[in-house]
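In what follows, a single structure is set out as structure tokens and then discussed.
The values are calculated or read from the model by the stated rules, or taken from the named source; none is laboratory data. What you see is a predicted model; the values in this text were computed from it and never measured. Counting neighbours? That spans all protein chains shown, and the Cβs are built from the backbone with ideal geometry, glycine included. Calculation scope for accessible area: heavy atoms of the full protein, side chains included, ligands and nucleic acids excluded. Shrake-Rupley method; radii C 1.70, N 1.55, O 1.52, S 1.80 Å.
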Amino acid sequence: SKPKFSIENVLNSSFMKDFENYYLDTFPFREHLLGVNRKLNNVYYATGKSGVVVVNNNFSVGLGDGVGIEQNEEKINDEETLLPKPIKPIIDEGVVTKGIIIIKNSATECFSFSKELTTYFAEVIEFFHTLMPDEKIYVMIPPNAGEFYSPANMYKEEESIKTALSYLKSQLKNSIFVDAYSVMAKHQDEYIFFRTDHHWTARGAYYAYKAFIEAVGLEPVNLSDLETGFVPDFLGSMHKSVAKYAQSEGLREDPDYVEYFIPKVNYTATTYKNTDMVDGKELLLVNKDYDASDNKYYIFLGQDSALLKITTDVDNGRKLVIVRDSYGHAFLPFIVHNYEEIYVIEPRYFNREGYSSLKLNEFVEKVDPDEILFMNYAMFISEGYWFQWIDVIEALQ
């Protein structure tokens, strides 16, 4: 739909991005021209044995408005620190494999292990622990679909997500590593990842939730106890990224569906733009009637939120802070069964032009949680994307 014009939308750069998407989606004969384009691309991108093809693609799951690492670093470095911060490594982009693997009815990103970036991620987490020594900090990085479902010859063992996570665990000295990989691997014959989107499914999120809750020492809710349903015909971010290639036809012919599970506890979820937590907007963690024609994954939560506060009737006094990306959307409907209060932070919506500031250690001191969980998409480890956001959650004293 055509975006609404407002000063706020212009200032935060969303208007031009949304208008461009509107224009691209509504120009005359769009589907016909895209079909012609896919056929022409078939001349240049030959499909190999077993229907596998790798296409070059700089896939991005960011906010897309050009705010980069340098700008955020400059903002941070204006402050005075009492503790030495980790130094971000300079990585030769040519070393990191980029691309998307298309095979029959699915598409997934290539993964390339960077020891330097993974070391830096661990150093940042440990830096937060230094500022918050009394807090229990957990780190959980789920794998991507390609780790389980891509052809074996597409990955080297030393470059796999499993290797990257093993190395990350070895670098965490004071924080607790949660092994979601092993739990999810046992269920890889189930529908735990979308085939046309880079996210996990609700079922995949459940097994990661189970790994975390058991690491904390609590009892996970049984999946069979929850009301369930599904929404059909979902073509996600991976399809959008490869739609111009002829080999993407298999994705359109066999779209995903979105399975959901309704929490059985009573809760209130309120989204806020800053840590003052005023003028909030209530939303549902699972909205099966959500108008998600563009992205059905947003049946979970309905939108990105800078800060989300969830209160439940669990009545056990436990509090949790989650620092996450969009993988957290499908995770939240399960975690509400174990905590009375949950605070969910999306770093990409803080400490940048047009957004509120956040000092993580001060916020943690304010809400006084029992645990802090850092959870994000595994691909950010290989590309360094997540670090520009995790590093600008101001944790400076």
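The table below gives the values:
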quantity: Candidate set: the range 324-358, residues that are aromatic (Phe, Trp, Tyr) and under 18 Å from Lys273 (Cβ atoms); chosen: the one surrounded by the fewest Cβ atoms within 10 Å (Cβ to Cβ); calculated: Tyr355
quantity: Scope the range 262-286; condition within 13 Å of Tyr297 (Cα to Cα) and either in a loop (DSSP other than H, G, I, E, B) or of a type outside the set (A, V, I, L, M) (or both); matching residues; calculated: Leu285
quantity: Test: residue in the range 202-221 that is in a loop (DSSP other than H, G, I, E, B) and on the phi > 0 side of the Ramachandran plot; calculated: yes
quantity: Qualifying residue in the range 316-323 (condition: charged (D, E, K, R), modelled with pLDDT under 90, open to solvent by 40 Å² or more (accessible area, probe 1.4 Å) and in contact with a helix residue (DSSP H, G or I) (Cβ under 8 Å, 6 or more places away or on another chain)); calculated: no
quantity: Unmet requirement for His198, which otherwise passes all of (1) open to solvent by 10 Å² or more (accessible area, probe 1.4 Å); (2) closer than 17 Å to His337 by Cβ; calculated: (2)
quantity: Sole residue being basic (Lys, Arg), outside any helix (DSSP H, G or I) and open to solvent by 10 Å² or more (accessible area, probe 1.4 Å), chosen from Lys309, Lys366; calculated: Lys309
quantity: Yes/no for Asp304 being within 30 Å of Gly146 (Cβ to Cβ), acidic (Asp, Glu), part of a loop (DSSP other than H, G, I, E, B) and open to solvent by 10 Å² or more (accessible area, probe 1.4 Å); calculated: yes
quantity: Residue within the range 221-240 that is among the small types (Gly, Ala, Ser), out of contact with any Lys or Arg (no Cβ under 7 Å at 6 or more places or on another chain), open to solvent by 60 Å² or more (accessible area, probe 1.4 Å) and more than 19 Å from Val344 (Cβ to Cβ) present; calculated: yes
quantity: Answer residue from the range 120-146, given it is open to solvent by 30 Å² or more (accessible area, probe 1.4 Å) and under 26 Å from Tyr207 (Cα atoms) and is farthest from the chain's Cα centre (by Cα) among those; calculated: Glu135
quantity: Looking only at the range 81-112, and only at residues there that are open to solvent by less than 40 Å² (accessible area, probe 1.4 Å) and hydrophobic (A, V, I, L, M, F, W, C), the one that is modelled with the lowest pLDDT; calculated: Val96
quantity: Residues (open to solvent by less than 40 Å² (accessible area, probe 1.4 Å) and farther than 15 Å from Ile310 by Cα) located in the range 277-294; calculated: Ala292
quantity: Number of positions in the range 266-276 that are open to solvent by 40 Å² or more (accessible area, probe 1.4 Å) and under 23 Å from Asn316 (Cα atoms); calculated: 3
quantity: Single residue of the range 157-195 satisfying the filter (hydroxyl-bearing (Ser, Thr, Tyr) and modelled with pLDDT under 95) that is farthest from Phe128 (Cα to Cα); calculated: Ser160
quantity: Criterion violated by Gly317 - all others in (1) assigned to a loop (DSSP other than H, G, I, E, B); (2) under 16 Å from the mean Cα position of the chain (by Cα) satisfied; calculated: (2)
